1. Rank Trp175, Ala89, Thr722 by how far each Cα sits towards the positive end of the charge dipole of the chain (+1 on Lys, Arg Cβ; -1 on Asp, Glu Cβ) and give me just the farthest.
2. Based on the Cβ-Cβ distance from Val539 to Arg292, what FRET efficiency comes out when R0 is 22 Å, to the nearest 0.05?
3. Near Lys424, which aspartates and glutamates are there with a Cα under 20 Å away, not counting those fewer than 8 places off in the same chain?
4. Provide the per-residue ³J(HN,Hα) series for segment 398-404, in order, calculated from phi with Karplus coefficients 6.51, -1.76, 1.60 and θ = phi - 60°, each as a whole number of Hz, with x at glycine and proline positions.
5. Say the cut-off is 23 Å between C-alpha atoms; which of Lys481/Lys595; Lys411/Lys663; Lys110/Lys370 go over it?
6. For the chain, what does -39500 (n - 2.57) per DSSP helix run (n ≥ 4), summed and divided by total residues, give at 222 nm, in deg cm²/dmol to the nearest 500?
7. If a paramagnetic tag sat 7 Å from the Cα of Ser189 along the Cα-Cβ line, which residues of segment 370-410 would have the backbone N under 15 Å from that point?
8. Assuming R0 = 45 Å, what is the FRET efficiency of Glu71 and Asp221, from their Cβ-Cβ distance, to the nearest 0.05?
Amino acid sequence: MTTVSEHAPNPAAGDPSRPIGFGRIQRKEDPRFVRGRGNYVDDIVLPGMLHGAILRAPVAHARLLSIDASEALAHPKVVAVITGKDLEALNLAWAPTLSADVQAVLVTDKVRFQGQEVAFVVAEDRYAARDALELINVDYEFLPPVIDARKALDDGAPVIRDDLPGRTDNHIFDWEAGDAAETDAIFASADVVVAQELVYPRVHPAPMETCGAVADYDTVDGRLTLYETTQAPHAHRTLYAMVAGIPEHKIRVVSPDIGGGFGNKVGIYPGYILAVVGSIVTGKPVKWVEDRSENLMSTSFARDYIMQGEIAATKEGRILALRTNVLADHGAFNATAQPTKNPAGFFHIFTGSYDLAAAHCKVTGVYTNKAPGGVAYACSFRVTEAVYLVERMVDILARKLEMDPAELRLKNFIKPEQFPYANKTGWVYDSGNYEPAMRLSMEMAGYDELRREQKEKRERGELMGIGISFFTETVGAGPRKHFDIVGLGMADGAELRIHPTGKAVVRISVQSQGQGHETTFAQIVAEELGIPPEDIDVVHGDTDQTPFGLGTYGSRSTPVSGGAVAMVSRKVRDKARFIAAAMLETRAEDLEWEKGRWFVKGDPSAGKTISEIALGAHGTLTLPDGVDGNLDAEVTYDPPNLTFPFGAYICVVDIDPGTGHVKVRRFIAVDDCGTRINPMIIEGQVHGGLTDGVGMALMEMISFDEDGNCLSGSFMDYLIPTAMEVPDWETGFTVTPSPHHPIGAKGIGESATVGSPPAVVNAIVDALAPYGVTHMDMPCTPARVWEAMQGRTRPPV
Ligand code: PCD
Ligand SMILES: [Cu+]
């Protein structure tokens, strides 16, 4: 049993590698999932419920001339058809985005991307609603679209956002970070400079469950109950109150089980608002659930960054500076989920894990006739793009210097004694110890042996590649003074009640989409109070039942809400001390804590367990002044900094020279997320993220033709990886606790998605080195790989 010292930042401090709260326990949520008892938005059925369907624009850019819904309204099962005009009358035709822009809920003036919402039909069943869409007649005047971000700022390019007063071009923002002059000076005198354009294509989170809502507006007392697929129920409620003018105390947002979010369910989509309007108009509950094509074509995409990278170094391989110019395609509305004041999110952590003398980045955002979004798909707000940039550039430099890429990284890491480390663009990394993670991954991979094998194979003309990526993430936004969503500061609440019999319920503001919060948050309480996890219920996903907080994305639940849960448990523990003292007829100062109980210093036999204390609190005992008769507490936790998890990944690929097919043979992932709660859940998070990363590197891309038709509107065209395409993951870990987090934990949910794509691409480029290939853009499909080899001769060996 570990003794928890009151003020120790990390209860696992004695042995930091020990997982906390009973470690590898089975997930509490799984029995209901494996028995088919999950309850998703589409499972919700309310009496008299109607069904909504959205008519979507067939083209990317067109003026709306007229809508005739009379035929649809004549359909016997159609109850209402809502158009942009109707919404204008309610002042709801446009909604604010999370990035200080507005987005059309339904088109009033102009269609701006293919798949945009044009009208909403409410009918007695889903089939009738869909059928009636075909009865709506819309007249359009087609306009030339802007599809290529590189042409968005050309003179004479069609102006997409002519709804914004004074707009004469498609420019959204220019933003920069770091010191340009200092960086340029270093580049000017550096021994070696390499440059490369890197395209991070438009990809999609594509969660298993698409987005949907059931809105139930009670016309008698003006109450709105909204079941939604949302990763941030409280933030949504406040936004609905602000935008729709429904008093906040009359709105209840319920987020039941969610079949994956991955950033796709952070924003507010037109469909949610339309379900609400549909319910207000008809006086009945209205369900709207999108299909797969609607999800892929119209909801938030991710990435879509064209990056010009440059890196400067000495000829001995000391990396000096990094600079980049980025063109960011934000689609038709600037709706990126951005909790920061920076329009490019956390992109300026592109200095990665290296100790640089200078760095500078510049990002230009543009509008195009494509779906809006730019969500952090398994990515803490553009950290994925940042990691890809630096990890590709370091590899390109290694090739130029003819140095081993592992050696080059080891030579340039920020050293353990440099933490907390302030990078050149204004981040303070809380902690890190990079070399042991790198060395562990090399040892697990058998790195030297792999290089030997590669050499032999090259001599035989076989294509084998080894790719490395070492990443540092910024996860866990707040603190609230630095991060907010439309003015709501990024802190999170937690409420803990210990029932008289010692069982507990903890209510949290974040929202699980599959991460296992019902298990891990119980484990945090268990660690702090010694109550077994099975005796602790975790309540989330209902704004009526939980304290305010900003929700789950950017791997912030453990860093922020996890901190809140640890702090609220400590508050209960402190209170328990006074009650125990009263019960034991002694002074609180004379008591000592060991996991699960307070006892008299020097007399361990005299003590009270948490459950005895809970009963005492609710009993008849006279309590000291100022101590309430319960064992409950609440806190709002505002983290002092972000957490900075990191990892070392090694990917081994074999390429078929005849077809260009890439086989990921091995993948070694060493992650450091600080103090670990549940190793099984962590491994699951890493496995999922690696699969995502391999998918992006090899096959995922939302593409468009010249007219702006989305070519990736189904899983036939938008490929996602399956068990067939991925190897047995080999995972390892090191533990570097966060010095400021109450239990020392850092986020893990997105690490693998962030860190793995550069490892895969680095491996592919490494395999193709004999052909003189130095870069390839994702997705590295067989066609692209094959093409890269054509017309290039392998040098004789
Ligand atoms: N150290 C540590 C950390 C962590 N953990 C665990 O693990 C998990 C995770 O966590 P985190 O990191 O904190 O995170 P979160 O916040 O919770 O979550 C979020 C994430 O998560 C991930 N993962 C996942 N999974 C699943 N199943 N599903 C999903 O959907 C998802 N998503 C994804 C994403 S994308 Mo964004 O949204 O894009 O921003 S963000 C994200 C949880 O349970 C926890 O508790 C542990 O144990 N330990
Ligand atoms: Cu991102």
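1. The listed residue farthest towards the positive side: Thr722.
2. Details: r = 31 Å, r/R0 = 1.43.
Between Val539 and Arg292 the formula returns 0.10.
3. Asp174, Glu176, Asp179, Glu182, Asp184, Glu310, Asp355, Glu385, Glu391, Glu473
4. My calculation for segment 398-404 gives 4, 4, 4, 7, 6, 10, 5 Hz in order.
5. Details: Lys481/Lys595 34 Å; Lys411/Lys663 30 Å; Lys110/Lys370 13 Å.
Result: Lys481/Lys595; Lys411/Lys663 exceed 23 Å.
6. Numbers: 18 runs with 206 residues, N = 797.
-8000 deg cm²/dmol, from helical runs alone.
7. Of the residues in segment 370-410, none has backbone N under 15 Å from the label point off Ser189.
8. Details: r = 36 Å, r/R0 = 0.81.
According to the calculation, E is roughly 0.80.
The values are calculated or read from the model by the stated rules, or taken from the named source; none is laboratory data. Not measured: the values here are computed from a predicted model. Cβ atoms come from the backbone with ideal geometry, glycine included; neighbour counts cover every protein chain shown. Calculation scope for accessible area: heavy atoms of the full protein, side chains included, ligands and nucleic acids excluded. Shrake-Rupley method; radii C 1.70, N 1.55, O 1.52, S 1.80 Å.
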